[in-house]
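Structure record follows, encoded as structure tokens.
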Amino acid sequence: ENLVEGKIEKGQRVVLVEDLVSTGGSSLKAARSLQDAGANVVGMVAIFTYGFDTAEKNFEHAGINLVCLSDFHHLIQEALKNKYITEDQLDHIKAWRQDPASWK
């Protein structure tokens, strides 16, 4: 499994681009691979994040700054405002957000 494609120069500054960050596990695995290859990972940008506390802690622990263009909170607020979801559906979505692993 090759996580780094192409040539990385020792000390090369890199910003990773992700589509989605949930826990940060796979994103940080890619960052570690780049660091192991000699890159200086200066940060990561993502299109969307669920904003889970786990991800925040994982990125903080790794010392990598994460900047996201959009997040779960803003998505559901816009969905409600534009009537894509109802207040009742919002309650279910928020319940999922609190504990997705146990949600039924």
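The values are calculated or read from the model by the stated rules, or taken from the named source; none is laboratory data. Just so it is clear, the model here is predicted, and its values are computed rather than measured. For neighbour counting, all protein chains shown are included, and Cβ atoms are generated from backbone atoms with ideal geometry for every residue, glycine included. To get the accessible areas, we keep the full protein, side chains included, count just its heavy atoms, and leave off ligands, DNA and RNA. Shrake-Rupley method; radii C 1.70, N 1.55, O 1.52, S 1.80 Å.
Any idea which residue in region 48-79 is least open to solvent (accessible area, probe 1.4 Å), counting only those that are of a type in the set (G, A, S) and within 16 Å of A30 (Cβ to Cβ)?
A55
Take the conditions modelled with pLDDT under 95, within 25 Å of S26 (Cβ to Cβ) and surrounded by fewer than 14 Cβ atoms within 10 Å (Cβ to Cβ) and apply them to T86. Does it pass?
no
Regarding S33, is this residue loosely packed, with under 12 Cβ neighbours inside 10 Å and among the hydroxyl-bearing types (S, T, Y)?
no
So which residues in region 9-30 are open to solvent by less than 70 Å² (accessible area, probe 1.4 Å) and of a type in the set (G, A, S)?
Scanning region 9-30 gives G11, S22, G24, G25, S27, A30.
Could you tell me which numbered condition G6 fails, if it satisfies all but one of (1) without any contact (Cβ under 8 Å) to a residue 12 or more places away in the chain; (2) open to solvent by less than 90 Å² (accessible area, probe 1.4 Å); (3) not in a loop (DSSP other than H, G, I, E, B)?
Only one criterion in (1) without any contact (Cβ under 8 Å) to a residue 12 or more places away in the chain; (2) open to solvent by less than 90 Å² (accessible area, probe 1.4 Å); (3) not in a loop (DSSP other than H, G, I, E, B) is unmet by G6, namely (3).
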